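None of the figures in this text is laboratory data; all of them are computed from the coordinates on show. Everything numeric in this text was worked out from a predicted model, so none of it was measured. Cβ sites come from the backbone with ideal geometry, for glycine too, and all protein chains shown count toward neighbours.
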Amino acid sequence: MSPDGYTSPLRATGFATEPAALATSLVVTLLPVLFVYFGQKRNRFWTIALLILATASFMWTFSTVGLLLMLGVLGAGLFFGPKKKIILLVFTLFVGATLMVTVLFPSNQILRHAGTIAAGRANVSFTDRFYSAVGPFMEGLSSYSIVGYGLGGISTHFREVLPTQFQAEILATKWKEFPNLAILFGRVFAETGAIGFVLFLTAIYMTFRQLKFIMRNDTVAGSALTYSSIRLGLIASCLALLISVGPYHTPYVWIWMAVIDAKYVLSTQKAYRGENVRND
């Protein structure tokens with residue numbers, strides 16, 4: 001479905017542009033939904049079947065970024081919910097699937113990345129993502145990143161926003177005519193400047209504030225499970241902005257912000273009228 005995307009019989013890509021993007025979408029969108037269905041005990045057979053298929057698809061990506069994102073989300077789930085039993089179930093299934101895949105496919109991408117980093121050798125995937133996230137901040141005072149190059153400006157000012165010693169290695173992985181940063185966190189700063197970056201963080205902060213308001217005012221039975229799952233999805237989105245997602249238009253980055261904002265509008269309207277908040 002993505003003509004210029006990465007395809008390989010050894011790694012799943014799905015409808016995404018690369019395996020890491022597929023792994024990210026599964027963690028950010030599908031995992032919180034599965035938590036809701038497990039907690040509500042509805043359609044348990046189909047929920048388990050979907051979980052198994054999703055786990056198989058996720059493992060087939062052999063994505064190091066996806067693995068880190070999954071561990072981060074499950075770790076956050078142990079503190080923020082939705083339910084520790086559900087988290088532990090998913091974690092057990094995830095660890096079991098990881099061990100099985102490692103035994104069956106010992107030369108997979110994850111082990112190769114881990115071996116390269118452990119040996120202290122250069123890893124262009126790690127270099128690209130790490131310096132796409134922090135590079136613009138490192139060069140903030142020696143370029144116009146502090147002001148911002150404008151949306152899409154990275155393509156024409158790519159060499160100005162990254163440390164010189166890493167540019168050639170990173171550019172080797174990019175389109176020559178349209179180089180871009182691999183991580184949205186750094187791209188927002190480089191293209192919108194300090195002011196835009198602060199507004200970006202403020203939007204994320206206000207989304208968490210909105211969710212807190214909704215959880216405090218919604219007393220409908222079962223709503224706590226739904227909202228704690230949504231909160232976990234929002235946390236996953238924030239982590240993805242740091243290690244995985246690069247384009248602005250990637251829809252699953254914004255899905256939970258949209259859901260929370262829409263629910264917040266309904267909640268505030270009913271709260272001001274003195275009504276009990278419902279799951280509309």
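Side notes on the structure shown:
- Mean Cα-pair separation over length for segment 171-280, i.e. relative contact order, pairs under 8 Å, 6 or more apart, %: 36 percent
- Relative contact order computed over segment 122-185 (Cα-Cα under 8 Å; 6+ residues apart), in percent: 46 percent
- Along the axis of the charge dipole computed for segment 66-219 (Cβ charges of +1 for Lys and Arg, -1 for Asp and Glu, origin at the Cα centre), the listed residues PRO82, GLY72, ALA203 are led at the positive end by PRO82.
- Selection among GLY39, THR116, GLY150 by position relative to the dipole of the chain gives GLY39 as farthest towards the positive end (Cβ unit charges, Cα centre).
- Dipole magnitude for the chain: about 1080 debye, using +1 per Lys or Arg Cβ and -1 per Asp or Glu Cβ, origin at the Cα centre.
- Working from Cα pairs under 8 Å separated by at least six residues, relative contact order for the chain is 21 percent.
- Stretched out straight at 0.36 nm per residue, the stretch from ALA97 to VAL265 would grow longer than its current Cα-Cα span by 56.4 nm.
- Of the labelled figures [x] 16.6; [y] 15.2; [z] 30.2, only one reflects mean projected area of the Cα convex hull in nm² as derived from the coordinates, namely [x].
- Summing Cβ point charges (Lys, Arg +1; Asp, Glu -1) relative to the Cα centre of segment 122-185 gives a dipole of roughly 80 debye.
- Over all other residues within a Cβ to Cβ distance under 14 Å of ILE48, the charged ones net out to +3, with Lys and Arg as +1 and Asp and Glu as -1.
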